Amino acid sequence: MGEVKKMIEARKLNKYFGDLHVLKDIDFSVDENNVVVLIGASGSGKSTLLRCLNFLEMKNSGDILIEDKSIDPKKSDLNKVRQKVGMVFQHFNLFPHKSVLENVIEGPTQVKGTSKRQAIKDAKELLDKVGLADKEDVYPEKLSGGQKQRVAIARSLAMRPDIMLFDEPTSALDPELVGEVLETMKALAKEGMTMVVVTHEMGFAREVSDWVLYMHEGKIVERGTPSDLFDNPQEKRTQAFLSSIL
Amino acid sequence: MFIDFIHYLGHLWEVFIESKGIFLDATVLTLRLTVLSIFIAIFIGLFFALLKTTGVKVLVWIANTYIFLVRGTPLIVQIFIFYYGLSYGPLQISGFWSAALGLAFHNGAYIAEIFRGAIQSIGKGQTEAGRSIGMTSWKTMKRIILPQALRRALPPLGNQFIIGLKDSSLAAFVGLAEIFNVSTTMGSADFDFMTYLLISAVYYLILVFLLTLLVSFTEKKLAVSD
Ligand SMILES: Nc1ncnc2c1ncn2[C@@H]1O[C@H](COP(=O)(O)OP(=O)(O)OP(=O)(O)O)[C@@H](O)[C@H]1O
Ligand SMILES: [Mg+2]
């Protein structure tokens, strides 16, 4: 085994929107194969943190390291970085003018230069894995929310990312569709995917995550294993938040 | 009274048939002028719409200035400026081309606004999805945003094409023998102005009708492939 590899790390990360200080000296890292769940009230900065990690949003100060390499947005090719860091959105953001299969092969063929034949072959395997092998020719509008999100996961996986970020992947779904998406994510975690997940699905967090971080007003105020953090929170703010959502 | 009206319709029909040849030639010219100017205008419009969406100050300013100039001056003035600017002086471009370019310059500004609106109507999530799989911003625009925006732009574009078709009548004033020019020339020669004007209106109506069909056909076609 030897040392554990840090897949992604933030050091003293700060982010402002105008005068609004949204991320305050964020420090955290995710080890390879680990799943980290981020919880926190609305507006606490969870999405902003995820978006800074793949440079959809630019930090104001601090460092972001991917596999121990500090990424300087001015010098690094961010498009390359984003290929390694997959992202799944709350509202799926599938490409509505493309079929399910076309959604999944878009990245490999257009960004990686994979041949179309190879990309289709890989995409079919991925769609099979997320349980949507029969939907490859369907357009997104014909899918349920849960199916859309699974396609979005397959689209992201098609880039063979080293890390996956999930921003409330189930919160736009009808309750009966949440399970199928969580199952897909659990399977991914089992395969050893490194994941950062913003979610309020406590069952998922308990079962799958290695660490839970609680964010409050732009700071990580508490972190721990799921059982520590959920059953024995130390901070008053964490206790208050947990009792408000349970 | 009613009898007179029937009589006049008969007369109108006769003149319509007699003048068919010359009006068909004029229709061809109107169509060439319209298709060419709109074709060029689409590229001008796309170009300036993209300038506006870059958010780069100078580029946005250039696009806004162009749109301001076009919207702030009458089309007939623009056509004359193009005509005297391009057909006289060193360039010696034909009257047809200077009118076509003048119309393209004009329609381009309105089409730019149509494209800009359509591009901005596509949710930010689409751009983020494209970027998050590693696409460059240009590739995201080209493969993700524009294909969706163009579909959304189609109804207002169709509208602008119709306006462009009718506005091509102003090329009469720089001497092009398009439909309106032919109708006024023939009308004054035959001392039968009204009849020829009505005939020209019929030609325009038919053209607009066909164009409307074409646009709605394309819309349906695109809707099916969704
Ligand atoms: N693009 C933006 N411009 C200005 N302010 C923003 C922007 N994005 C987010 N904010 C603000 O930053 C703060 C943090 O927002 P963020 O979306 O990261 O919160 P969140 O924890 O993800 O909340 P939620 O649970 O509602 O998704 C909020 O006050 C929000 O209004
Ligand atoms: Mg959020």
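Rule-based calculations on the coordinates, nothing more; no lab input. As the structure is a prediction and not an experimental result, all values here were calculated from the model. Virtual Cβ from ideal backbone geometry, glycine too; neighbours counted across all protein chains shown.
A few comments on the model shown:
- Rg and Dmax of the stretch B:38-131, based on Cα coordinates, read 15.7, 52 Å.
- Listing A:L49, A:L143, B:L176 from fewest to most neighbouring C-beta atoms within 10 Å gives A:L143, B:L176, A:L49.
- Helical runs (DSSP H, four residues minimum) scored at -39500 (n - 2.57) apiece and divided by the length of chain A put the mean residue ellipticity at 222 nm at -10500 deg cm²/dmol.
- Inter-centroid distance (Cα atoms) of the stretch A:72-124 relative to the stretch B:96-110, Å: 40
- Separation between Cα centres of the stretch A:128-181 and the stretch B:37-76, rounded to whole Å: 40
- Convex hull volume of the C-alpha atoms in the stretch B:169-221, normalised per residue: 68 Å³.
- Residue exposure proxy: A:H91, B:H7, ordered by other Cβ atoms within 10 angstrom of their Cβ from fewest to most, comes out as B:H7, A:H91.
- Within chain A, helices built from complete DSSP H runs that reach 15 Å or longer along their own axis (Cα positions) and carry a mean Kyte-Doolittle hydropathy of -1.0 or higher are A:145-157, A:175-190.
- Relative contact order computed over chain A (Cα-Cα under 8 Å; 6+ residues apart), in percent: 27
- Mean projection area, nm², convex hull over Cα of chain A: 14.2
- Rg to Rh, two decimals, where the stretch B:86-226 supplies the alpha carbon set and Rh follows Kirkwood: 1.14
- Ratio Rg/Rh, restricted to the stretch A:1-126 and using Cα atoms, in which Rh is the Kirkwood radius: 1.01
- Using bins of 5 Å that start at zero, the share of Cα-Cα pairs per bin across the stretch A:53-123 amounts to 3, 13, 20, 19, 17, 14, 9, 3, 0, in whole %.
- The stretch B:94-226: relative contact order as a whole-number percent, Cα under 8 Å and 6+ apart: 24
- Euclidean distance of C-alpha centroids, the stretch B:138-215 and the stretch B:17-36, integer Å: 12
- Above 41 Å, the calculated P(r) of the protein assembly as shown contains 40 percent of its Cα-Cα pairs.
- Relative contact order of the stretch A:5-106, taken over Cα pairs closer than 8 Å and 6 or more residues apart, is 29 percent.
- About the Cα centre, charge dipole magnitude for the stretch A:17-176 (Lys/Arg +1, Asp/Glu -1 at Cβ), debye: 580
- Per residue of peptide A:91-98, the mean number of Cβ atoms on other chains within 10 Å of the residue Cβ is 6.
- Alpha-carbon Debye profile of the stretch A:148-231, log10 I(q)/I(0) at 0.21, 0.24 Å⁻¹: -1.07, -1.30
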